[in-house]
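See below for the structure under consideration.
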Amino acid sequence: MKNITGILLLLISVQLFAQSDHPQIPKTGTNTNAFVPKGWKIIYRAKGDLNKDHLPDEAIIIQNTNPKNIIKNDGMGSDKLNVNPRILLVLFKTSGNYSLKAQNTSFIPPENDAENTCLADPLQETGAISIKNGTLILSYQYWLSCGSYGVSNLDYTFRFQNQKMELIGFDIKSYSRSSGEETITSLNFSTRKKVKPLVAICLATKPTNQKRYGKSLIGADCLHLMK
């Protein structure tokens, strides 16, 4: 009987750990903390009007703090990998309250990747989320601390329309830390237009003069080629 009881307790414990990675998020709350499940924390947040009602809405990214999701790494990269899941929550401000308008459990990458162990935290250098001109922007930077010189910055732009958050724009800037070559591509899903990729071959390692080309700030000592 003791053995059976021990097995049952172990199964319940495993089930609880599994559930903690997929928590139930309340539909309404008096403040943003009301949407944060036990054992989770807010790691990024942005505030601004997303639905044109002149009230300050909020977008937050929350992360689980389960120690079971910090795993040992025997390969290249950090000795330990934090693979705790992250969730994006979009909260609309109402009179004295907040309502959950959107959530995503798969689009936000974790701090580390168990397969690509050299991959840096994609959110660390970008600030992750911002609200500008009524749009929500998710920003990522992908680069490897070992095995590659490539760096990619990605921005996804969402707007609240048709009663949901819709993707209206995508921008990607990729460059090599070795050669200095840079490629920029911008997609506008509202107008269905694509800006031609720009290749910038930077001759100076640390250019002192800089100028703007479209949405990118790049060195003045660069040769610009349209693909």
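The values are calculated or read from the model by the stated rules, or taken from the named source; none is laboratory data. Quick caveat: nothing in here was measured; it's all calculated off a predicted structure. Using ideal geometry, Cβ is built from the backbone for each residue, glycine included, and neighbour counts are taken over all protein chains shown. What goes into the accessible areas is simple: the full protein's heavy atoms, side chains included, and nothing from ligands, DNA or RNA. Shrake-Rupley method; radii C 1.70, N 1.55, O 1.52, S 1.80 Å.
Here are the numbers for the structure shown:
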read-out: Net charge of Cβ neighbours under 12 Å - reference Ala120; Lys, Arg +1; Asp, Glu -1; value: -4
read-out: Low-density loop cleavage sites - trypsin sites (Lys or Arg not before Pro) in the range 96-195, where at most 11 other Cβ are within 10 Å (DSSP); value: Arg177, Arg192
read-out: Chymotrypsin sites (Phe, Trp or Tyr not before Pro) restricted to the range 90-170 and DSSP loop, no more than 14 other C-beta within 10 Å; value: Phe107, Tyr149
read-out: Placed amide H near Asp57: partners under 5 Å, 5+ positions off or other chain; value: Gly48, Asp49, Leu50, Lys93
read-out: Loop GluC sites (Glu not before Pro), the range 65-129, which have at most 10 other Cβ atoms in a 10 Å radius of their Cβ (DSSP); value: Glu115
read-out: Sites Asp74 and Gln124 - FRET efficiency at Förster radius 25 Å, r taken between beta-carbons, to 0.05; value: 0.60
read-out: Positive minus negative residues near Lys68 (Lys, Arg vs Asp, Glu; Cβ under 14 Å); value: +1
read-out: Nearest-20 debye value, the range 73-195 charge dipole, Cβ charges on Lys, Arg, Asp, Glu; value: 820 debye
read-out: Pairwise FRET efficiency - Thr135 versus Thr28, Cβ, R0 = 30 Å, nearest 0.05; value: 0.80
read-out: Furthest towards positive pole of dipole, Ser145, Pro109, Asn133, structure part the range 71-179, Cβ charges; value: Asn133
read-out: Net charge contributed by nearby residues that have their C-beta within less than 15 Å of Asp53 (K/R +1, D/E -1); value: +2
read-out: Accessible surface, the range 52-139, averaged per residue in Å² (probe 1.4 Å); value: 50 Å²
read-out: Carbon and sulfur %, accessible surface of the range 154-194 computed with the full protein complex present, 1.4 Å; value: 46 percent
